[in-house]
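Read-outs throughout are calculated quantities, based only on the coordinates presented, and are distinct from any laboratory measurement. Being a predicted model, the structure only gives us computed values, none of them experimental. Counting neighbours? That spans all protein chains shown, and the Cβs are built from the backbone with ideal geometry, glycine included.
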Amino acid sequence: MTDERYDVVVIGAGQAGLAIGHFLGKQGRRFTILEAADSVASAWRSRWDSLILFTPRRYDALPGLAFPGDPDSYPTRDEVVAYLERYAEHFRLPIALSSPVRSLTSEGTAFVLEAGEKRLLADQVVVATGPFQVPNVPALAGGLSGEVAQTHSTGYGRPGDIPQGRVLVVGGGNTGFQIAKELAASREVHLAIGSRQTPLPQRLLGRDLFWWLTKLGLLSKTVESRLGQRLRSRDTLIGSSPRDAKRHGVQVRPRAVRAEGRTIGFADGTELDVDAVIWATGYRPDFSWIELPVTDDDGRLRHRRGVTEVPGLYFLGLSWQHTRGSALLGFVADDAAFIAERLADGSEPAPETNDSRAPQAVGAAEGT
């Protein structure tokens, strides 16, 4: 096996990987982007068919290429996929598809990556696999009978995927609300909400919410700020709310706490027999393939704005990596530019891991 040598290897060809690729290309670096799937934007392709972003097109562009269409309208899932494909082609990014990274280690001063049949050496590595890695399904799912159809939200594409009957959607993020409302048009749907939420309107006084968030500087509040710490601990609903869900015919319930046979029990002591369950319960990170000291004793990533304690190793696209926008399509550019500067000059601020650790699990897909 012949080693391939690069200045930088990027892992992941989603929005974060493509954004850092743009900056690396401008720097004239010798780099490659490794993607486990057979196409770019694989996380977006796994979202449900009817998904529409809650950010207008004017806020959905990666650096150097505008998102096409009416800047005040909201793109669909397929439009996002098409845009990311065009982005990769426009900047001729060197992407190696079907190249899952099995391990990341170090050998002397170089990083070593085992990817498919290839062995790559790199001076620097950017892990841009994003926050949506391993579907998080609670243990209580194991108590349900095999007669109950179960899927994580990643397995949901359209109402026809779910058998007729009573459906329970578990998860109070934007994904849970959107799927529950769609299904409620054709069947009885219940939505179990177990987390504290902050419902926000899509539009306010004739302006899109993100116009207000940008003008007020709320999207630039960092995870280390007092407000950032509060916002990080809550699910933010945009354009959805329990009241809105009820208007669509969804029956809202508290946290699901137990399951046996066909019956789900809730925190208020009530029970419900179901025919299908959709677990819109988010994702958890998986860094087990990184054989370097990047996590704490609880398995949480140690970093400050994507800079780890391992010189030359960076992360990009994490939820709340630096601000609320870090994992959002049109806002990842700020962190990508920051990491690109670190890659270019080698300056690395000491990680403040107490405030900047990646969470064990992140919320379900939020629309951007």
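Give, rounded to the nearest 20 debye, the magnitude of the charge dipole that the chain has about its Cα centre when Lys and Arg contribute +1 at Cβ and Asp and Glu contribute -1 at Cβ.
1200 debye
Based only on other Cβ atoms within 10 Å, what is the fewest-to-most ordering of Ile20, Ile238?
Numbers: Ile20 31, Ile238 22.
Lowest count first: Ile238, Ile20.
Can you find, among Pro75, Pro94, Leu213, the residue farthest towards the positive end of the dipole of the chain? Put +1 on the C-beta of Lys and Arg, -1 on that of Asp and Glu.
Of Pro75, Pro94, Leu213, it is Leu213.
How big is the charge dipole of segment 65-121 about its Cα centre, in debye rounded to the nearest 20, if each Lys and Arg gets +1 on its Cβ and each Asp and Glu gets -1 on its Cβ? Mind dumping the intermediate values first?
Values: 6 positive and 9 negative charges, 68 e Å.
I would put it at about 320 debye.
Rounded to the nearest 20 debye, what is the charge dipole size of segment 240-355 about its Cα centre when +1 sits on each Lys and Arg Cβ and -1 on each Asp and Glu Cβ?
Charge dipole of segment 240-355: 660 debye, to the nearest 20.
What length, rounded to one decimal in nm, is gained on full extension from Asp38 through to Glu147, with 0.36 nm per residue of separation minus their alpha-carbon distance? Present the calculation step by step, with values, prior to reporting the outcome.
On the way: separation 109, 0.36 × 109 = 39.24 nm, distance 3.37 nm.
Net length gain for the segment: 35.9 nm.
So, by mean Cβ neighbours within 10 angstrom, what's the order for 270-278, 103-111 with the highest one leading? Before the final figure, lay out each step's value.
Values: 270-278: 18.1, 103-111: 14.7.
Put in order of decreasing packing, that is 270-278, 103-111.
Can you find, among Gly312, Ile264, Tyr283, the residue farthest towards the positive end of the dipole of segment 261-345? Put +1 on the C-beta of Lys and Arg, -1 on that of Asp and Glu.
It is Gly312, whose Cα lies furthest towards the positive end.
Hey, any idea what Rg/Rh is for the chain, computing Rh the Kirkwood way over Cα pairs? Before the final figure, lay out each step's value.
Numbers: Rg = 20.9 Å, Rh = 21.5 Å.
On the Cα set of the chain, Rg over Rh gives 0.98.
How much length is gained if the chain between Glu117 and Glu224 is pulled fully straight, taking 0.36 nm per residue apart and subtracting their Cα-Cα distance, in nm to one decimal? Walk me through the numbers on the way to the answer.
On the way: separation 107, 0.36 × 107 = 38.52 nm, distance 4.11 nm.
The Glu117-Glu224 span can extend by a further 34.4 nm.
So which aspartates and glutamates pass the test for Lys246, namely a Cα distance under 17 Å, with those fewer than 8 places away in the same chain ruled out?
Glu182, Glu188
In terms of modelled amide H atoms, which long-range or inter-chain residues lie less than 5 Å from the amide H of Ser103?
Hits under the 5 Å cutoff: Glu114.
Given the peptides 303-311, 126-134, arrange them by the average over their residues of other C-beta atoms within 10 Å, most packed first.
Numbers: 303-311: 20.7, 126-134: 23.6.
The peptides rank, most packed first, as 126-134, 303-311.
Return the FRET efficiency for the residue pair Gln251, Leu216: r is the Cβ-Cβ distance, R0 is 30 Å, and the value is rounded to the nearest 0.05. List each step's numbers first, then the result.
Values: r = 35 Å, r/R0 = 1.17.
About 0.30, to the nearest 0.05.
Would you mind checking which residues have amide H under 5 Å from Ala61's amide H? H placed 1.01 Å from N; only 5 or more apart, or other chain.
For Ala61, whose amide H was placed from the backbone, the distant partners under 5 Å are Phe67.
Taking the Cα-to-Cβ direction at Gln164 and at Thr109 and moving 7 Å from each Cα, how far apart do the two end points lie in nm?
6.9 nm
Using 7 Å Cα-to-Cβ label points, what is the Leu65/Arg45 separation (nm, one decimal)?
1.6 nm
In whole Hz, what ³J(HN,Hα) sequence does segment 190-203 give by Karplus (6.51, -1.76, 1.60; θ = phi - 60°), x for Gly and Pro?
Each residue's phi maps through the Karplus curve to give 10, 10, 8, 10, x, 10, 6, 10, 10, x, 10, x, 5, 10 Hz.
Please report the spacing between the Cα centers of segment 1-48 and segment 55-115 in Å, no decimals.
7 Å
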